[in-house]
Each structure stands twice: as C-alpha cells, then as structure tokens.
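Accompanying notes for the structure given below.
The values are calculated or read from the model by the stated rules, or taken from the named source; none is laboratory data. Only a predicted model underlies this, so the values are computations on that prediction, with no experimental measurement involved. Quick note on the areas: whole protein, heavy atoms, side chains included, nothing else; ligands and nucleic acids left out. Shrake-Rupley method; radii C 1.70, N 1.55, O 1.52, S 1.80 Å.
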Amino acid sequence: GEVYGIQAETGSVLWQTRLKGPIWNAPAISGEMIILGHSGGEIVALSRNNGALVWSYPIVDVVKASPLLVGQFVVAGTMSGKLVVLNSHDGSHVAETEVTGAIAFPPVTDGTRIFVATQSGRILCYGDEHAQLTQDRQ
C-alpha cells in the first residue's frame, strides 16, 4: 500500500504515501495528479508534487486493474464486476454499471470508445453512438 515519488535523475525518494490496501496496478497520471485504485476499496488521486491525498472515491471493492483516464474522466473496474466513471478533477461519481465477471484487466480506449474485458470472457464496448453497451461477446 505504499506509493513513492522518486526523483528520476538520482533515484532518491521525494515522498511516500501509505494507502489503505495493497496496490496491484499502475497509476494513471493526470496533470499534477496520480490516480490509482487499491484492494482497500478506493480510487484515490494523489499530488504528484508531495503525495498528498487530493480526493478519494469509496468504490468498496478490490481494484486490481489500472484505472483509465479518458479526457476529464477516470474509468475503473473492480473484481466484483463494477465499472465506475469518475470526474478526474474531484473524484465525483459520474456513472456506474455492473458487468458479468471480474475486471482484472485495465480498460482501454481508442479515443472515442472504452473497451473492458472481464474474466468471464466478455469484451464490452462503451461510448458508441448510443453511449451504451454495444458489444457483449464471449
């Protein structure tokens, strides 16, 4: 559950922040924020400068996959199949849906759509012309 800010040229630790659970994913970077999920049931944004908590969202489930930044939004999935969209600036809830299967793999985007793969063998696509699920294949 430790996050470190490391000076690239020297490798020295600039700051260290402890979160409420182990981290199994890579962070997303948005301007001056580092955004990540952890197994303690939160999505958090930390300051890149000092590691201070900027915002947190209680997703109340294990987050194993890295969050995805799409414009001003953070997309994160949980091991129980919850897919959440948050505002990247303040962590406020934008949208949420339940899918079949754990989301253990990071969502990806082509710039207009978001693709989510689940451990049940499904690939889901969001953001097409109807802004709804457009593919659900096994």
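Across the chain, C-alpha contacts under 8 Å between residues 6 or more apart give a mean separation that, scaled by the residue count, equals a relative contact order of 14 percent.
Once a ≥ b ≥ c are taken as the square roots of the eigenvalues of the Cα gyration tensor of segment 71-111, is the result rounded (a/c under 1.5), prolate (a/b larger than b/c) or oblate (a/b not larger than b/c)?
Numbers: a/c = 2.40, a/b = 1.47, b/c = 1.64.
Cα axes put segment 71-111 in the oblate bin.
Result for the chain in a Gaussian network model with C-alpha springs under 10 Å: among 11, 40, 21, the largest mean-square fluctuation is at 11. For segment 1-63, taking the reciprocal of the average inverse distance between every pair of different Cα atoms yields a Kirkwood hydrodynamic radius of 11.8 Å. The listed residues 89, 38 rank as 89, 38 when sorted by accessible area, largest first, using a 1.4 Å probe.
Pair-distance distribution of the chain: all C-alpha pairs, bin width 5 Å, starting at 0; shares per bin in whole percent are 2, 11, 21, 23, 19, 12, 7, 4, 2, 0. Rolling a 1.4 Å probe across all protein chains gives residue 23 an accessible area of roughly 50 Å². How big is the gap, in Å, between the Cα center of segment 90-119 and the Cα center of segment 5-80? One Cα centre to the other: 16 Å. Plainly put, segment 38-101 has a radius of gyration that is 0.96 times its Kirkwood radius, both from alpha-carbon atoms, as the Rg/Rh ratio. Close amide H partners of residue 54, meaning residues 5 or more places away or on another chain with modelled amide H under 5 Å apart, are 45, 46, 47. Using Cα springs under 10 Å in a Gaussian network model of the chain, which residue among 117, 104, 52 shows the largest mean-square fluctuation? Highest fluctuation of the listed residues: 52. Here the Gaussian network model covers the chain, with springs between Cα atoms less than 10 Å apart; of 14, 46, 69, 14 fluctuates the most.
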